[in-house]
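Below is one structure; the comments refer to it alone.
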Amino acid sequence: RAQKPFVAINTAAIPKDLLESELFGHERGAFTGANADKAGVFEVANGGTVFLDEAGELPAGAQAKLLRTLENGEVQRVGSVESRKVDVRVVAATHRDLEAMVKARTFREDLYYSLNVVRIKMPPLRERGEDVALLARHFLDQFGGRYAKPGIDLAPAALKLLQLHDWPGNVRELRNVIEQAALLTVGDRIMAADLNLREP
């Protein structure tokens with residue numbers, strides 16, 4: 001599927017009343033504002049991969065339709081009686097404890113098992129100290145170009161401070177710290193004092 005479409009959707013960022021339309025598409029006239037037929041992400045990604053970010057935020061109605069898609073390889077657009085065949089690989093991510101949600105009956109057990117075929121647990125950034133330097137330099141390359149500071153680097157003390165931080169906000173927090181430092185630092189080297197972090 002490497003040469004096929006990769007379509008990512010953050011289920012938490014889409015209003016619940018629009019989520020099914022985004023996932024499965026809709027027919028013209030299905031609801032107010034549906035002025036044309038629209039393919040959902042599963043149809044757009046046909047042959048490729050759908051990445052469901054924040055899968056733990058799926059409302060009950062979308063969970064039921066997603067289960068049908070996973071089991072039958074079919075989608076039904078909102079407002080349509082027809083099913084359309086799709087062939088997609090689904091990758092799902094969540095920060096929620098889906099097993100606890102299943103026990104609390106807020107996440108469908110059958111959907112949980114359909115999604116949980118190959119499970120990859122991503123440890124938090126605080127447990128991956130060696131990754132901090134790689135990610136920090138990656139973000140520096142991005143923001144150095146964006147803010148016309150090519151070649152900007154981290155002083156050894158700044159890198160050590162980054163590696164000692166516990167990163168409760170994980171990679172997003174690291175990205176924001178690096179962006180702020182790249183934007184505000186004068187010169188081509190970020191010092192520990194330039195980071196908006198407390199000494200451990």
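General observations
- Leading residue by the ranking (farthest from residue 44 (Cα to Cα)) among those in region 81-100 that are open to solvent by less than 80 Å² (accessible area, probe 1.4 Å) and either part of a strand (DSSP E or B) or touching a residue at least 60 places away in the same chain (Cβ under 8 Å) (or both): 92
- Those residues of region 29-50 which are of a type in the set (Val, Ile, Thr) and under 19 Å from the mean Cα position of the chain (by Cα), in sequence order: 41, 44, 49, 50
Okay, residues lined up against (1) open to solvent by 70 Å² or more (accessible area, probe 1.4 Å); (2) part of a helix (DSSP H, G or I):
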site: 34; (1), (2): no, no
site: 63; (1), (2): no, yes
site: 68; (1), (2): yes, yes
site: 102; (1), (2): no, yes
site: 107; (1), (2): no, no
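- Meets criteria (buried (at least 18 other Cβ atoms within 10 Å of the Cβ), closer than 25 Å to residue 173 by Cα, in contact (Cβ under 8 Å) with a residue 40 or more places away in the chain and more than 20 Å from the chain's Cα centre (by Cα)) for residue 125: no
- Filter pass, residue 134 being open to solvent by 100 Å² or more (accessible area, probe 1.4 Å), part of a helix (DSSP H, G or I), on the phi < 0 side of the Ramachandran plot and aliphatic (A, V, I, L, M): yes
- Cross-chain or 6+ apart pairs with Cβ under 6 Å, region 134-146 first and under 15 Å from residue 189 (Cβ atoms) and in contact (Cβ under 8 Å) with a residue 60 or more places away in the chain, then open to solvent by less than 60 Å² (accessible area, probe 1.4 Å) and outside any helix (DSSP H, G or I): none
The values are calculated or read from the model by the stated rules, or taken from the named source; none is laboratory data. The model shown is predicted, which means the values in this text are computed figures rather than measured ones. Note: ideal-geometry Cβ built from the backbone for every residue, glycine included; neighbour counts use all protein chains shown. Remember, those area values only see protein heavy atoms, side chains included, never the ligands or the DNA or RNA. Shrake-Rupley method; radii C 1.70, N 1.55, O 1.52, S 1.80 Å.
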